[in-house]
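Single-structure report; data block below.
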């Protein structure tokens, strides 16, 4: 099986497919300002697009604190690609607790191989 090629990955507020199959991505972010830690984020949407051959691909998506490599959340599953070409995936992290400010990354693993990652940061801000 050939290696998966990541075309893009985003962290956003929401993503969905329209009735005619167009991907809609709303609220892409790279930084969140947080008043108090730890913080519970009700929903973070992760969307990616891959080039794949026909077949079944196990995947793992890890949300990690970059400095400590501590896993904050994880999702696993299988992508069933019915024909060679581009395949998309939309998933949500629900009620994710972030213990501290800093840099975070979503690591993408396809067939137990690192395929890509996308980062974002959480910044501590003081309430006015």
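Below is a table of values for the structure above.
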| read-out | value |
| --- | --- |
| Failed condition for residue 3, given (1) modelled with pLDDT of 95 or more; (2) surrounded by 11 or more Cβ atoms within 10 Å (Cβ to Cβ) | (1) |
| From 115, 87, 45, residue being surrounded by 15 or more Cβ atoms within 10 Å (Cβ to Cβ), modelled with pLDDT under 95 and out of contact with any helix residue (DSSP H, G or I) (no Cβ under 6 Å at 6 or more places or on another chain) | 87 |
| Set 67, 73: member being modelled with pLDDT of 95 or more and within 17 Å of the chain's Cα centre (by Cα) | 73 |
| Residue identified as touching a strand residue (DSSP E or B) at 6+ places or on another chain (Cβ under 9 Å) and at pLDDT 95 or above among 11, 79 | 11 |
| All positions within region 90-104 that are buried (at least 18 other Cβ atoms within 10 Å of the Cβ) and free of Cβ contacts under 8 Å to residues at least 60 places away in the same chain | 93, 104 |
| Qualifying residues in region 6-36 (those that are part of a strand (DSSP E or B) and free of Cβ contacts under 8 Å to residues at least 40 places away in the same chain) - the one surrounded by the fewest Cβ atoms within 10 Å (Cβ to Cβ) | 26 |
| Enumeration of residues in region 56-70 that are loosely packed, with under 14 Cβ neighbours inside 10 Å and either in a strand (DSSP E or B) or in contact with a helix residue (DSSP H, G or I) (Cβ under 6 Å, 6 or more places away or on another chain) (or both) | 56, 58, 70 |
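The values are calculated or read from the model by the stated rules, or taken from the named source; none is laboratory data. Bear in mind the structure is a predicted one, so any value in this text is a computation, not a measurement. All Cβ positions, glycine included, derive from the backbone under ideal geometry; neighbour counts span all protein chains shown.
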